Amino acid sequence: SSTWVEERLKKLTRYRFGLCRVGSDRLSGGKAFNPSSMVDWATLPKDLLDLISKCLDSSFDLVQFRSVCSSWRSAAEPKRPLPTHNLPILPENGASFFPDSAVGFRLSQRSILLIKPHEEPHSGDADLFGWLVKVEEDLNVPRKVTLLDPLSNRVHSLPEHFPRSLDMSRFKVRELGSEFKLNYFNNVGDIVNTLFLEKAVVKYLDSDAESYKFVLLTIHVSGKLAVFRSWDRAWTVINDMPSPYDDVMLFDGRFFAVDNNGRTVVVDFSSLKLTLAASPVYGGDKKFLIESCGEMLLVDMYLSMEEVDGDPGFAEAILQHHAFYVNERTVKFKVFRFVERENSWVEVNDLGDKMLFLGDDCTFSASASDILPHCEGSSVFFNGNVFNEDNLGGMQDRDLGVFDFRTGKIELVQTLPEYAKLFWPPPPWITTSHERGETSSRS
């Protein structure tokens, strides 16, 4: 079938990238290869290269594909930018959940990138680690992007010496995940600085068409699933809801959703019917769906609610620092693997060197050996309330925490230098690579 051919071509492309990346001496699996035994990939038929390039969903993958050689570049057309999509407000969303001036949603896309220097890190070179950052392209200014925290919507202020333009060919860049956001806009078309808080996933059906037909799945304020089909120009709220839904995901070309009890369903966007994919997984308080190494995983977050006694000003203070007084703490995680033939989730007892990242609007995974060569991985990064009982005054409403799957211990990322440097501020080699490039261009 054409689907099988496309999947085989995707694997061929990934294999080719493994051979062509500058400074790489490994194929997938870590085996060394002999360059003299390689075939002449530049002579692949142009129509085959064109077919392969159309299977690449990520614009960053397509840039790497086109940079392999001149014949590949000429055979693959650049990806056309996605048009601006305006969607109506969700029905029965509750007036308090969106600004009074909002008349609709504007759909935008963001990418979570792993950026690394071309130099391979040596045992004593601790600065050549990967950097995780989220980028959002400006809808009005071509090639202009905003840098955000990879696990939240927080926009960072750039350091003083950070370059205002980056030549991405000077780095190894890999897209680890992508997310879609619904931005409110008003009756004159301006974006309102408020985001729809629930996660959204999108499936494009025909990228060759001018209209870019697509389907969007999100979670309604009621906890039910909501579907928007571009050809209908209307929302449909699906009433099937034994328990409120926690997360949605596009996996293997299908929409999946999981509720608070771990019951997982496939959402058919044509019939708007739900089919049971996996029976419930009881125990935790919030469920996340994540793809890792071609498998779908369920991450179950356990919370502890411990109310703190207050003084006479307690009522006012609790509104300002809810997390401090109610003390909703993240205490542990469990991870399950989807076994479709059994319609079940099977608990995972060892993550190996996997690092799982649970963002507000996107989940993604990476290999520790690919990001931090000297770390073991087997960890879960998350946004939540991470408290230090010895320093209650230092608690914040939300922190970036990391759960060590082997020890069961949760710590603040900011207290662990080897993990903190993955996020913000940017690593020093970003600036030094830019300076070397400027020097080279002036000489």
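The values are calculated or read from the model by the stated rules, or taken from the named source; none is laboratory data. On a predicted model such as this, the values are computed, not experimentally measured, just so you know. When we count neighbours, we look across all protein chains shown, and the Cβ atoms used for this are built from the backbone with ideal geometry, even at glycine. In case anyone asks, the SASA skips ligands and DNA or RNA and just uses the protein heavy atoms, side chains included. Shrake-Rupley method; radii C 1.70, N 1.55, O 1.52, S 1.80 Å.
Quick check on region 272-288: of everything there that is outside any strand (DSSP E or B) and open to solvent by 60 Å² or more (accessible area, probe 1.4 Å), which residue is farthest from GLY384 (Cα to Cα)? Let's see the steps before the verdict.
Kept after step one, since they are outside any strand (DSSP E or B), are these residues of region 272-288: 272, 279-285.
Then keep just the ones that are open to solvent by 60 Å² or more (accessible area, probe 1.4 Å); that gives 282, 285.
Working: TYR282: 21, ASP285: 13 Å.
Among them, the one singled out is TYR282.
Would you call LEU217 open to solvent by less than 50 Å² (accessible area, probe 1.4 Å) and either at pLDDT below 85 or among the aromatic types (Phe, Trp, Tyr) (or both)?
Values: open to solvent by less than 50 Å² (accessible area, probe 1.4 Å): yes; either at pLDDT below 85 or among the aromatic types (Phe, Trp, Tyr) (or both): no.
Considered against the rule, which asks whether it is open to solvent by less than 50 Å² (accessible area, probe 1.4 Å) and either at pLDDT below 85 or among the aromatic types (Phe, Trp, Tyr) (or both), LEU217 comes out as no.
If THR330 satisfies all but one of (1) more than 17 Å from LEU216 (Cα to Cα); (2) at pLDDT 95 or above; (3) crowded, with 17+ Cβ neighbours inside 10 Å, what's the number of the condition it fails?
Only one criterion is unmet by THR330, namely (2).
Please indicate, with yes or no, whether at least one residue in region 85-107 is open to solvent by 70 Å² or more (accessible area, probe 1.4 Å), in contact with a strand residue (DSSP E or B) (Cβ under 8 Å, 6 or more places away or on another chain), modelled with pLDDT of 60 or more and on the phi < 0 side of the Ramachandran plot.
Here is the first cut: in region 85-107, the residues open to solvent by 70 Å² or more (accessible area, probe 1.4 Å) are 92, 95-97, 100, 103.
Still in the running and in contact with a strand residue (DSSP E or B) (Cβ under 8 Å, 6 or more places away or on another chain): 92, 103.
From the residues that got through so far, the ones that are modelled with pLDDT of 60 or more too are 92, 103.
Restricting the remaining residues to those that are on the phi < 0 side of the Ramachandran plot gives 103.
Yes, region 85-107 contains at least one residue that is open to solvent by 70 Å² or more (accessible area, probe 1.4 Å), in contact with a strand residue (DSSP E or B) (Cβ under 8 Å, 6 or more places away or on another chain), modelled with pLDDT of 60 or more and on the phi < 0 side of the Ramachandran plot.
Counting only residues that are farther than 23 Å from LYS334 by Cβ, part of a strand (DSSP E or B) and either hydrophobic (A, V, I, L, M, F, W, C) or modelled with pLDDT under 95 (or both), how many does region 252-271 have?
Going through region 252-271 one residue at a time, the tally reaches 2.
Checking ASN193 against (1) part of a loop (DSSP other than H, G, I, E, B); (2) at pLDDT below 85; (3) open to solvent by 40 Å² or more (accessible area, probe 1.4 Å), only one condition comes out false. Which one?
(1)
Hey, among VAL237, VAL248, which residue is in a strand (DSSP E or B), within 16 Å of the chain's Cα centre (by Cα), under 18 Å from LYS199 (Cα atoms) and not polar (S, T, N, Q)? So that I can check it myself, show each step before the final result.
Numbers: VAL237 fails: within 16 Å of the chain's Cα centre (by Cα).
Selected residue: VAL248, the only one of VAL237, VAL248 that is in a strand (DSSP E or B), within 16 Å of the chain's Cα centre (by Cα), under 18 Å from LYS199 (Cα atoms) and not polar (S, T, N, Q).
GLY377 fails exactly one of the following numbered conditions: (1) at pLDDT 90 or above; (2) on the phi > 0 side of the Ramachandran plot; (3) not aromatic (Phe, Trp, Tyr). What is the number of that condition?
Answer for GLY377: the failing condition is (1).
Of (1) open to solvent by 40 Å² or more (accessible area, probe 1.4 Å); (2) over 17 Å from LEU216 (Cβ atoms), PHE269 satisfies all except one. Which?
Unmet condition: (2).
The rows are residues; the columns are (1) touching a residue at least 24 places away in the same chain (Cβ under 8 Å); (2) farther than 24 Å from LEU351 by Cβ.
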site	(1), (2)
ILE219	yes, yes
LYS224	no, yes
THR264	yes, no
THR275	no, yes
PRO280	no, no
MET296	yes, no
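For region 56-65, which residues satisfy the criterion of being open to solvent by 40 Å² or more (accessible area, probe 1.4 Å) and part of a helix (DSSP H, G or I)? Don't jump to the end; show me each part of the working.
First, the residues of region 56-65 that are open to solvent by 40 Å² or more (accessible area, probe 1.4 Å): 57, 59-61, 63-64.
Residues satisfying the conditions are SER59, PHE60, ASP61, VAL63, GLN64.
Would you confirm, using the coordinates I've provided, whether ASN343 is surrounded by 12 or more Cβ atoms within 10 Å (Cβ to Cβ) and at pLDDT below 90? Please lay out each step first, then the result.
Working: surrounded by 12 or more Cβ atoms within 10 Å (Cβ to Cβ): yes; at pLDDT below 90: no.
Judged against the criteria, ASN343 is not a match.
Answer yes or no as to whether PRO121 is modelled with pLDDT under 85 and surrounded by fewer than 16 Cβ atoms within 10 Å (Cβ to Cβ). Lay out the reasoning, then the answer.
Details: modelled with pLDDT under 85: yes; surrounded by fewer than 16 Cβ atoms within 10 Å (Cβ to Cβ): no.
So PRO121 does not fit the description; no.
Identify, from the list SER53, SER70, the residue that is among the hydroxyl-bearing types (Ser, Thr, Tyr), in contact with a helix residue (DSSP H, G or I) (Cβ under 9 Å, 6 or more places away or on another chain), crowded, with 18+ Cβ neighbours inside 10 Å and modelled with pLDDT of 80 or more.
Values: SER70 fails: crowded, with 18+ Cβ neighbours inside 10 Å.
Answer to the selection: SER53.
Let me confirm something: among PHE382, PHE387, which residue is open to solvent by less than 70 Å² (accessible area, probe 1.4 Å) and modelled with pLDDT of 90 or more? Please lay out each step first, then the result.
On the way: PHE387 fails: modelled with pLDDT of 90 or more.
On inspection, the qualifying residue turns out to be PHE382.
Please specify each residue of region 38-58 satisfying the condition of being more than 16 Å from ARG73 (Cβ to Cβ) and of a type in the set (Ser, Thr, Tyr).
Correct list: SER58 only.
Only residues in region 419-439 that are at positive phi and buried (at least 18 other Cβ atoms within 10 Å of the Cβ) count as the first member; pair them with residues that are among the hydrophobic types (A, V, I, L, M, F, W, C) and modelled with pLDDT under 80, Cβ under 7 angstrom, at least 6 apart or cross-chain, and list the lot.
Between residues of region 419-439 that are at positive phi and buried (at least 18 other Cβ atoms within 10 Å of the Cβ) and residues that are among the hydrophobic types (A, V, I, L, M, F, W, C) and modelled with pLDDT under 80, there is no close pair.
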